[in-house]
Amino acid sequence: MSALMSLDPAPEGQNAADRIFALQRAAVRQQGAPTYQERMAALDALLGMVKQHRHELAASICADFGNRSSDETDFGEIMPVLNSIKHARKHLKGWMKPVRRSVGMAFRPASARIVYQPLGVVGVLAPWNYPLTLTLVPLVEALAAGNRVMLKPSELTPSTSKLLATLLSKIFPEDRVAIVLGGPDVAGHFSSLPFDHLFFTGSTSVGRSVMTAASLNLTPVTLELGGKSPVVVCADYPLTKAARLIAIGKLFNGGQSCVAPDYVLAPESQVEAFAKAFLEVSAEMYPSVAGNADYTSIVSDRHHRRLTDMIEDARSAGARVLQQGDPRAASQRKVPPTVLLDVPVNAMAMREEIFGPVLPVIGYRDIQQAIELINARPKPLALYCFSNDRRAIDTVLDNTRSGGVTINGTLLHATQEDLPFGGVGESGTGAYHGRDGFVRLSHARGVMKLSPFNKSDLIAAPYGKLARFVARVFLGN
C-alpha cells in the first residue's frame, strides 16, 4: 500500500509520517546520493506530470477555493512550477560540479574544493494559498539537490492535496517522494521529525512553533513567512499607473499571497486621488465581483469572516471604508476591492497581515517619514517602491530592510528563478529558488587534498629552528 494515500485522522497520519520517514532514512543510508541522471529523470517525470494534469490540478484548486480562475492558476502555479523545473534541468550539471577554492600560502602545494552533497531527508510543510507552487517548487529544488522528500500539504485544500498524492504516487516510490495527509495535529508531529532540513511556508506565528519543534532535533529550517509588505508611491510616479500595478498584485488570488502589497504609503496630497484611482482600475479589471470567474474567493468561511471583521474593526475605529460594493459577494465568500483611509495604527488592519483584497492607504509628508513608518514594523517579506527618481529609490532601499523588492511593479521578484526568495527577521529565514535553493538544500562539504610534495608534516613537535623560521616568515618578528 502506498504511503501517499495516508489517512486524515491524526494518529494514522502520524504513524504514516513515522513509517515513511524511517523508509526514506533507510534509503539514504543504503542507496547513497542519486546520480545526475537519476535527478534529471525525477525532474523530467515531475515536468511531465504537471503538464499532463494541468487542467485537473486547476479544477481541484478552484474547487478548494470555491472559485479561482484557471488563468490565475496557470500564471500563479503552473508557470512557476514549470519554470522552476526547466531552470533546474538546464543548470543542474553545473550546480553539481565541485567548486575550486584557494589554499593559503602556508599550506601549499595542495588543492581545495567544495562538493555539494544531499542533506538526506527533507520535509516540506506547504500552505493553502498556492498549493502547487509552494509544494512543488521546494520539491523541485530538494530533488535537484539529491534529497528524499516528505510533503505535508494544507488540509484547507483537500481536493488538491489528495490529487497531488495520487499523481505523485504514480511517478515516485515512497522512499523518494511521499505525501502525508492530515490536519494540524499531523503537521505538528511532522515538524517534530528529525529531518535533515525542514521547509515551512506560512504565518509567522506558526513559523515560531515549527522552528521550536525543529530545534529539539537541531533540524535546520527554511521559513518563508510573510508580514505587512509596504508600497511606497513617490510623488514623481504617475498615480494611475501605480494604482493599476498595485491593484494587479493586491487582487491576484483574492489578495491571498504572502508577497501581496499590504498597505500603501502615498504623499499626503495624493491619498484621496490614489484611493479613487485604485478603485477605478479595480472596477476595470473586475467589473463585477459576485459571479466573476476571474475574481478569486476567500479560501474558507473562517478566513472570510476574519477579513470582514477587519473591515468593521477599522470602520469602528474611525477609518473611512471605500469599497467596490457587491451585496452578493459575501454568499460566494468574496470580499470586494476595499480601501481603508485614516486607519488608526492600532486597528487590526495595521497590526496583522491582511491576506485579502483590503488595502490601507496612509499619507506621508516626506520620504523620510515613509521610511520611519516602514521601520517601525518588523521587516517584511516584500517591499515595493514606485518612482523614476533613482535617488528616491536608493533612499528607500538603503534605509529599509525586506526579504525582496520589486521596483515599479509588484510580486515579480518572487517569480525569478535566478533571484533568491525568502524573508528576513520575522518574515522568514533562508532563501530558495534556482541555485540558491540547490545550495540551501545541499551540504557544502569542504575537501582539501595535499600534494605529494607538501611538507607541512615537517612543522610538528618537537619544534625547532625550522618551525620558528616558518613562524617568522608568516607572522613576523
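I need ILE246, ILE179, ILE171 ordered by Cβ neighbour count within 10 Å, fewest first.
Final ranking by Cβ density, sparse to dense: ILE171, ILE246, ILE179.
Put +1 on the Cβ of each Lys and Arg and -1 on the Cβ of each Asp and Glu in the chain; which of ILE367, LEU136, LEU265 then has its Cα farthest toward the positive end of the dipole?
So the residue furthest toward the plus end is LEU136.
In the chain, with Lys and Arg counted as +1 and Asp and Glu as -1 at Cβ, which of these residues, ALA42, SER154, SER209, has the Cα nearest the positive end of the dipole, that is, farthest along it?
ALA42
What per residue convex hull volume, in Å³, do the alpha-carbon atoms of segment 230-421 yield?
Enclosed volume per residue, from the Cα hull, is 114 Å³.
Count the DSSP beta bridges whose two residues both fall in segment 230-421, then state the antiparallel fraction as a percent rounded to the nearest 5.
Around 20 percent antiparallel, to the nearest 5.
How many percent of DSSP beta bridges within segment 63-215 run antiparallel, rounded to 5?
The antiparallel proportion sits near 20 percent.
Out of GLN323, PHE355, GLY403, whose Cα points farthest toward the positive end of the dipole of the chain (charges: +1 Lys, Arg; -1 Asp, Glu; placed on Cβ)?
Looking along the dipole axis, the top candidate is GLY403.
Quote the charge dipole size of segment 19-136 about the Cα centre in Debye, to the nearest 20; the model charges only the Cβ of Lys and Arg (+1) and of Asp and Glu (-1).
1060
Once the Cα atoms of helix 36-52 and of the chain are each reduced to a long axis, what angle between those two axes, in degrees from 0 to 90 to the nearest 10, is obtained?
Its long axis makes an angle of about 20 degrees.
How high is the relative contact order of segment 230-421, in percent, with contacts defined as C-alpha pairs under 8 Å that are six or more residues apart?
29
Which three numbers, in whole Å and largest first, are the semi-axes of the equivalent ellipsoid of segment 174-290 derived from its Cα gyration tensor as √(5λ)?
41, 17, 11
Taking 8 Å as the Cα distance limit and 6 or more residues as the minimum spacing, I'd like the relative contact order of the chain as a percentage.
Relative contact order comes out at 19 percent.
Roughly how tilted is helix 133-144, in degrees to the nearest 10 and between 0 and 90, from the longest Cα axis of the chain?
The two axes meet at around 10 degrees.
Between helix 271-285 and the chain, what is the angle of the helix's C-alpha long axis to the longest principal axis, kept within 0 to 90° and rounded to the nearest 10?
So the helix axis and the longest Cα principal axis differ by about 90 degrees.
Starting from the eigenvalues of the Cα gyration tensor, five times each then square-rooted, give me the equivalent ellipsoid semi-axes of segment 36-194, largest first, whole Å.
Largest first, segment 36-194 gives 34, 18, 13 Å.
Please work out the Cα center distance from segment 38-81 to segment 305-333, rounded to the nearest Å.
Cα centres, segment 38-81 to segment 305-333: 32 Å.
Return P(r) of segment 224-269 (all Cα-Cα pairs; 10 Å bins starting at 0; whole %; ordered from short to long distances).
Distribution as computed: 26, 52, 20, 2 percent.
For VAL177, which sequence-distant residues (separation of 5 or more, or a different chain) have an amide H within less than 5 Å of its own amide H, given hydrogens modelled in the peptide plane?
Placed amide hydrogens put VAL149 under 5 Å from VAL177.
With the cut-off at 21 Å, tell me which of the pairs LYS228/LYS250; LYS51/LYS90; LYS250/LYS276; LYS90/LYS170; LYS51/LYS86 have Cα atoms farther apart than that.
Going by Cα-Cα distance, LYS90/LYS170 fall outside the 21 Å limit.
Under a point-charge model restricted to the Cβ atoms of Lys and Arg (+1) and Asp and Glu (-1), what is the dipole moment magnitude of segment 230-421 relative to its Cα centre, in debye to the nearest 20?
Charge dipole of segment 230-421: 340 debye, to the nearest 20.
Taking the DSSP beta bridges in the chain as the whole, what percent of them are antiparallel, to the nearest 5?
Antiparallel: roughly 35 percent of the beta bridges in the chain.
Average the reciprocal distances over every distinct pair of alpha-carbons in the chain, invert the result, and give the Kirkwood radius in Å.
It works out to 24.3 Å.
Throughout, read-outs are computed from the coordinates displayed, never taken from laboratory work. Note that the structure is predicted; figures quoted are calculated from it, not measured. Positions of Cβ are generated from backbone atoms using ideal geometry, with glycine treated the same way; all protein chains shown enter the neighbour counts.
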